[in-house]
Amino acid sequence: RQVHGDAYHTHTHTLWMLRWRRVAAIGVGVVTTGAVCNQLFVTHSTAEHSYPESLDAARIPVRSEQLKRLQEQFDVIVIGGGATGAGATLDATTRGLKVACFEKEDFAAGTSSRSTKLIHGGVRYLEKAFTQFDLGNLWLVVEGLHERKQFMDTAPHLTHPLPIITPCFHYWELAYYWVGLKFYDLFALGRRLYSSYYLSRDEALRQFQMMTPKDLKGAVVYYDGQMNDSRMAVSLAVTAATKGAVVLNHTSVIDLIKDTTGHITGVTVRDNLTGETYHVHSKVVINACGPFVDAICKLESSESDHSRARHSRDSSKLLFSREYGADCSKNERWSRCVYVTPWLGHTIAGTTDEQVELTDRPYAREHEVQFILSALSDHLRVEVRPSDVLAVWAGIRPLALDPTKLDTQKSCFG
């Protein structure tokens, strides 16, 4: 019995030793594996995210460095740092051209930051295409819808789809807008955001609770895009700068440089911060000054009275302290349309369409503000007071010189 007892204790001791050795081996293995994995993760992360190198590659040159580059020979000079100018600069730069862009104020300081923030294909042009049998307007809509989708796919962080309700106060308007907006979807050619749809009176009031129920027969909802216009223009300029373009704000073009044959070979610019002037040479000069396009054209020939743009119109907007939803409705008293769109927790309402004198500082006139307030009061169930207005601004939008075209006021959609 004693022999068997000793053998039992010896066997038990051996089993416990084996178990502890296995536990110790597993522990060492886990620690070793964890250390190796951690080292691999750190090495992989460091290799994948080489921060100093990536930051240096995307570094935006400071102003002094860009000014020094003005002595170089450029392929393209772009005058104007709005949406068109910044876009042309980035396009040319990414095609391998050496580009310089000059903006007399700040990027997107003018019309490019004073829009309704909508990316649309041009519903009003579609209306004109059918009512006037104008194929030109039809192709304009098709192209606009294509660019809308392209824009939103390229910059999803600055854009999003926006449902817009069109309230109908007559039964015939329900059919008119439903059919028209279905064609708007159709001509998107597979690039539509979402399909337009009909809403009954009760459903429209349920989904858009700020809308007045008076005389409402129903509504049609369609989709367009919304964007941050000023951030988009600045993003284009910044991206162009990281790709090698010289991009300077607060730099005015004061003259054009010509050779002996009269061909434009560059521009003379003035740094508005220091007053210093520079002569910059290039093969091509692009005039992207928006409503101020004629000012640059006159530098080419002061005797020429030919204008490239006319009907510069003032589009006024009001920023309200609360959200009213997204609405496009026609005011019966003035036969004009008002857009109401949400914006950063507030509401933008506009626009008016008045002919104004060309100025660097457009402003909204009192009667335009009153028109927007009255239009909102007619279509919303809440009282809209002047004290609700947080900000008022206006932008001048240029229209190409074409005396055969009709006045843009005659169409509802803007």
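Each reported figure results from applying straightforward, stated rules to the coordinates on display, with no laboratory input. From a predicted model like this one, the values you see are computed outputs, not experimental measurements. Neighbour counts run over all protein chains shown; Cβ positions are idealised from the backbone, glycine included.
Note: region 110-156, Cα convex hull, 84 Å³ per residue. The calculated FRET efficiency for the pair His157 and Tyr197, based on their C-beta separation and a Förster distance of 30 Å, comes to about 0.60. In a fully extended conformation the segment linking Arg63 and Asp106 would gain 14.1 nm over its present Cα-Cα distance, using 0.36 nm per residue.
Sparse packing (at most 12 other Cβ atoms within 10 Å of the Cβ) combined with a DSSP loop state is found for the following trypsin sites (Lys or Arg not before Pro) in region 188-281: Lys214.
Note that region 135-243 carries a Kirkwood radius of 15.8 Å, evaluated over its alpha carbons pair by pair.
Over 32 Å between Cα atoms, which of Lys128/Lys317; Lys104/Lys128; Lys149/Lys243; Lys98/Lys149 qualify? Violating the 32 Å limit, Cα to Cα: Lys104/Lys128.
Close amide H pairs (under 5 Å, H built 1.01 Å from N) link Arg397 with Arg313, Ser315, residues at least 5 positions away or on another chain.
Anisotropy class assigned to region 339-380 is oblate, per the alpha carbon gyration tensor with a/c at or over the 1.5 cut-off and a/b no larger than b/c. Between Asp215 and Gln150, the modelled labels are 4.2 nm apart [label points 7 Å from Cα along Cα→Cβ]. Amide H of Ile257: which non-local residues (sequence gap of 5 or more, or other chain) have their own amide H closer than 5 Å, using H built in the peptide plane? Long-range HN contacts for Ile257: Thr265, Gly266, Val267, Thr268.
Restriction of the chymotrypsin sites (Phe, Trp or Tyr not before Pro) in region 106-159 to DSSP coil positions whose beta-carbon has at most 11 other beta-carbons within 10 angstrom yields Phe133.
Using Cα-only point scatterers and the Debye equation, what is log10 of I(q)/I(0) for region 74-169 at each q in 0.11, 0.17, 0.19 Å⁻¹, rounded to two decimals? Listed by q, the Debye log ratios stand at -0.48, -0.98, -1.09. Residues whose amide H falls under 5 Å from that of Phe74, counting only those 5 or more places apart or on a different chain, are His281, Ser282, Lys283, with hydrogens built in the peptide plane.
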